[in-house]
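First up is the structure itself, then whatever we jot down about it.
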Amino acid sequence: MSELLTTHPYNNDLRVALLQLNRPKVLNALTTDLLQEIVDELRRLDDLPEVRCIILTGNDKAFAAGADILKMSQSNPIEQLTDKRMRLWKEFAMISKPIIAAVNGFALGGGHELAMACDFVIAGDSAKFGQPEINIGTTPGAGGTQRLTRALGKSKAMMLALTGEMLSAMDAYECNLIARVVPAKTLLQECFEVAKKIADKSPIAVKLTKDSINKSQELSLSDGLEYERRNFYLSFASADQKEGMSAFLEKRAPEYKGN
Ligand code: CAA
């Protein structure tokens, strides 16, 4: 059976696709095969013109509780080095459409790294976030020291990763790790409402905005500002920019075609 369920469309809206991790017995522990399935599916959705936004979720108990510890316990450094996992994380980062992580329950270790690799996180109020690798004698290996530190600053990231403690959804929200906290029961509906707002925008402008914000994590401020300016100029090559500004001036809703 597939380890990933895809619902496309979500709520009869062709523009929003829902991907659900489907290994409930092991709290959606991430094997390389599951990561491969996620990336394959994201690439397929990235190529479908009607899809404007993607929601990645787990179940009520877990978004994902980390890399699969059973599989990892049998592995050695050379297997890790030659495993396609690191390439898959890079391919995940190359998806151009927005990906919202809809998190209920545990997002731990590689599961938390997966949530952080999405564009933003919306969580149910009982969600828990952490990097517990330290509890099993290892260290984060897919962004849990790098993305976490950029999000929280050194002090909080250090404390979380060194103690293996979990953050509640509200704590994660208050320290800017996640974008919004909602009642756990309405998580998907709330994510769908946000995804619909994104789907209503110009896909070109969405793609350029995602690209510019992601670059802010890599570049100096002056290089980032330059990069942003070029994406801004580029948006003026799109019919959507003309449509957006005309619609504003004509006091009507824009109709974006993604060109
Ligand atoms: N890998 C494999 N199996 C896992 C798992 C994981 N990461 N997390 C949970 N499971 C399995 C459990 O072994 C258990 O299986 P059985 O029913 O066969 O015993 C099942 O899922 C349910 O889990 P629990 O009984 O432990 O559930 P709980 O509610 O008591 O506890 C939990 C939940 C606190 C999340 C606990 O399961 C836990 O601590 N899990 C491990 C979390 C972790 O350490 N993640 C980091 C992994 S390392 C990593 O991620 C590195 C990287 O990417 C680079």
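Okay, here's what the table says:
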| read-out | value |
| --- | --- |
| Residue that is nearest to the ligand (Cβ to nearest atom), among those in the range 66-100 that are loosely packed, with under 10 Cβ neighbours inside 10 Å and of a type in the set (S, T, N, Q) | SER73 |
| In the range 10-47, the residues that are under 21 Å from SER96 (Cα atoms), free of Cβ contacts under 8 Å to residues at least 40 places away in the same chain and assigned to a loop (DSSP other than H, G, I, E, B) | LEU14 |
| Selection count where residues are of a type in the set (Val, Ile, Thr), in a helix (DSSP H, G or I) and near the ligand (Cβ under 10 Å from one of its atoms), scope the range 114-157 | 2 |
| Elements of type helices (runs of 4 or more DSSP H) in the range 181-253, at least 3 residues being in contact with a strand residue (DSSP E or B) (Cβ under 9 Å, 6 or more places away or on another chain), surrounded by 13 or more Cβ atoms within 10 Å (Cβ to Cβ) and at pLDDT 95 or above | 187-199 |
| Residue list for the range 107-131, filter: touching a strand residue (DSSP E or B) at 6+ places or on another chain (Cβ under 7 Å) and surrounded by fewer than 24 Cβ atoms within 10 Å (Cβ to Cβ) | CYS118, ASP119, PHE120, GLY124, ASP125, LYS128 |
| Complete set of residues in the range 3-37 that are buried (at least 21 other Cβ atoms within 10 Å of the Cβ), within 14 Å of the chain's Cα centre (by Cα) and under 14 Å from LEU114 (Cβ atoms) | LEU19, LEU21, LEU35 |
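The values are calculated or read from the model by the stated rules, or taken from the named source; none is laboratory data. In this text, all values refer to a predicted model and were calculated from it rather than measured experimentally. Virtual Cβ from ideal backbone geometry, glycine too; neighbours counted across all protein chains shown.
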